[in-house]
Amino acid sequence: MNDGEYVIQARDLVKTYTVGKRRVEALRGIDVSLAPGEFAVLLGPSGAGKTTTLNLVGCLDLPTSGDLTVAGHPISGNGARPTEAALDLLRRQHIGFIFADFNLLLTLTAMENVQVPLIWRDATAPGRARQLLERVGLAHRLTHRPDELSGGEMQRVAVARALINQPDLLLADEPTANLDTRTRDEILELLAELSTEGVAVLLATHDHELADRADTVLRIEDGVIADD
Ligand SMILES: Nc1ncnc2c1ncn2[C@@H]1O[C@H](COP(=O)(O)OP(=O)(O)OP(=O)(O)O)[C@@H](O)[C@H]1O
Ligand SMILES: [Mg+2]
């Protein structure tokens, strides 16, 4: 990615799902731009289109129509037709994902979980995993498995895992939904800190209290992002 470029540039994104004969208009023409180091909260009620938005900007799914560029790579619009392999590589090189239920592999230790997304698992991998776990405050939990960790600790492992490929973009879907308020605020603080170090963060939530910490709040309802 070149300096000064947006990490995400999306214009008029539409996503329509077809269920049987019914069409569900999950996104009805949304615009999103996210700059390096920006911490944006995508705020909206259940069914508003938050996860759908993250799936599109995370290149896990393609829009029905609209223009999308992620980390300088054209994904949709202007004749873009990325292959599955290209999308997979782009995700691995540029994007870290964080989920409500942590999605850790239960049989692996914290150190091993952090290394799962690595593209090249060379001799430096364990050292980098250790550094990231130290970075998120888990120096004392390196060899613990998920069932030996608290919810907040599991989410910290997930954050470290999301950082292992030095992403430009962190996408977090309700990352604090399963945490108490104190732990929620700690994870939020960690994500805010990472954004000040240059990572763009897009956090989807229905929790208004999370919006206070954001640089930008994108309010989504019924597949539309309101202009503020
Ligand atoms: N794979 C799918 N097939 C059909 N409809 C879908 C699909 N995924 C989402 N939808 C519909 O699209 C709309 C937006 O869903 P989405 O999951 O993006 O909402 P959300 O804001 O993430 O909600 P929540 O807060 O409950 O997670 C909803 O009406 C949902 O039922
Ligand atoms: Mg959702």
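Spacing of the modelled spin labels on residue 189 and residue 35, each 7 Å from Cα toward Cβ, amounts to 2.7 nm. Among 154, 111, a tally of other beta-carbon atoms within 10 Å of each Cβ gives an order, fewest to most, of 111, 154. For the pair residue 215 and residue 106, label points projected 7 Å from Cα toward Cβ lie 3.9 nm apart.
When you filter the GluC sites (Glu not before Pro) in the range 1-109 for DSSP loop state and at most 13 other Cβ atoms inside 10 Å of their Cβ, you are left with 5. Here the chain is treated with +1 on each Lys and Arg Cβ and -1 on each Asp and Glu Cβ, and its dipole about the Cα centre works out to around 800 debye. Legend: ranking of residues 94, 73 from fewest to most surrounding C-beta atoms inside 10 Å; resulting order 73, 94. Exposed loop sites here are trypsin sites (Lys or Arg not before Pro) assigned a DSSP state other than H, G, I, E or B and surrounded by at most 12 other beta carbons within 10 Å; excluding them, the longest clear run of the chain is 122-228.
Among 12, 227, sorting on how many other beta-carbon atoms sit within 10 Å of each Cβ, with the fewest leading, yields 227, 12. Taking a ≥ b ≥ c as the square roots of the Cα gyration tensor eigenvalues, with a/c under 1.5 meaning rounded and otherwise prolate when a/b beats b/c, else oblate, which class fits the range 8-225? Prolate, because a/c is 1.5 or more and a/b exceeds b/c. Label separation (residue 177 vs residue 85): 3.5 nm, computed from points 7 Å beyond Cα along the C-beta direction.
A Gaussian network model of the chain, with springs between Cα atoms under 10 Å, assigns the largest mean-square fluctuation among 85, 35, 26 to 85.
Coordinate-derived values only; no laboratory data. This structure is a prediction, so every number in the text was calculated from the model and none was measured. Note: ideal-geometry Cβ built from the backbone for every residue, glycine included; neighbour counts use all protein chains shown.
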